[in-house]
1. Given a cut-off of under 8 Å on Cα pairs at least six residues apart, what relative contact order in percent is computed for the range 58-340?
2. Can you run phi through the Karplus equation (6.51, -1.76, 1.60; θ = phi - 60°) for the range 144-151 and list ³J(HN,Hα) in whole Hz, with x for Gly and Pro?
3. Under 10 °C and 1.306 mPa s, how fast does the range 58-340 diffuse according to Stokes-Einstein, given a Kirkwood radius computed over C-alpha pairs? Answer in µm²/s, whole number.
4. How much net charge surrounds residue 212 when only other residues with a Cβ under 15 Å from its Cβ are counted (Lys, Arg +1; Asp, Glu -1)?
5. For each of 184, 48, 283, 144, count neighbouring Cβ atoms within 10 Å of the residue's Cβ, then give the residues from fewest to most.
6. Ranking request for peptides 103-110, 60-67, 315-322: highest mean number of other beta-carbon atoms within 10 Å first, then the rest in descending order.
7. Counting pairs of alpha carbon atoms under 8 Å apart in space and at least six apart in sequence, what relative contact order in percent does the range 203-329 give?
Amino acid sequence: MITAPRSVRGPVTGPPHEHPLPTGGDPVTATTAEAPAVESAPPRRIGDSVFRNAALGAALLVILFLAGVAIFLVIKGVPALEAEPEHLSGRGSLLGLVGALLFGTVLASVIAMVIVTPLAIGLGLVISHYAPRRLAKPVGFLVDLLAAVPSVVFGLWGLIVLAPYLVPTHEWLVRYLGWLPFFDGPASQTARTLLTASIVLALMALPIVTAIMREVFAQTPRSHQEAALALGATRWEMIRMAVLPYGRSGMVAALLLGLGRALGETMAVAMVLSATGVIVSLDTVSSQNSNTIAAFIAQGYKEASPIKVSILIFAGLALFLLTFLVNFLGRWIAARGVVKA
């Protein structure tokens, strides 16, 4: 005798679900609903806990080192507030000295960013959108390798190779653009000027700015680019309408991070820039130009008296705060752009 097979699901404990009438009328909702199954949390692995605690400890250690540097600069720089005018390199007060040095530092870094901006945008677009893959990767590697070159090498190159090469350029700028305060002159015969130092700073900041920009350009949604091309836009029009607006915040963050690198650079500027007094001047092609904090510290620390060391450390504290604010602003803009995207 053949019997019907049993139901695999077992007996139904509740009333059956009601279905909508096929001939019209309002559908009848189900009278019962099955309770969702409660999934148990996955077991916590020991490796995850170790990695999380190690990452947290590393982050706290970095913050601790940063706080230690700030405390050291404050403690060692406070005695400079009592410095006499004869120790302030011809400036009337400590704030006047630090202000003049900050002016030269910001001026050199801004000029470097003016040079870096078109180069970094062009290189980023070539690597991400124009060059074929077999050419884009080597170019990207070469640009990244610039970040591994020591600053002393950049300084020697700027002093021995770049400066003599730029002497005719300085004379041309004074002759034809001398009506601008930046090229007032007279032109330096050695070209160890703020303009030469800014070009060296531009080359040193170029790798980090280019690396960030090419990543920002590569993250542009493919659908945006294809939509622009489908509407008849050329490649440049697609980049101008889709890629550049999408990466605007990332580009600003990249430039600010590059500015932070240029602000804190020491040896290259000290080797290229001729040792002059602390003055405030917009002229960038003469021998008497504004000095930077990094060069001022590197040039004066060797034979400094105790009070002079305190003055140098106080100037370093001002540079530390300025660099911290610029990098913090760059990171904040980058994070804000990522969240919006």
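Coordinate-derived values only; no laboratory data. Predicted model, so just to flag it, every value in this text is computed and none were measured. Because the Cβ atoms are built from the backbone with ideal geometry, glycine has one as well, and the counts that use them run over all protein chains shown.
1. Numbers: 406 pairs, mean separation 87.8, N = 283.
Over the range 58-340, the number comes to 31 percent.
2. After applying 6.51 cos²θ - 1.76 cosθ + 1.60, I find 5, 5, 4, 5, 8, 6, x, 5 Hz.
3. Working: Rh = 20.6 Å.
Calculated translational D: 77 µm²/s.
4. Details: positive: 214, 248, 261, 331, 336; negative: 144, 215.
Around residue 212, the surrounding residues sum to +3.
5. Working: 184 18, 48 9, 283 23, 144 13.
Ranking 184, 48, 283, 144 by Cβ neighbours within 10 Å, fewest first, gives 48, 144, 184, 283.
6. Numbers: 103-110: 22.4, 60-67: 10.2, 315-322: 20.2.
For the peptides 103-110, 60-67, 315-322, the packing ranking is 103-110, 315-322, 60-67.
7. Values: 110 pairs, mean separation 30.5, N = 127.
Relative contact order comes out at 24 percent.
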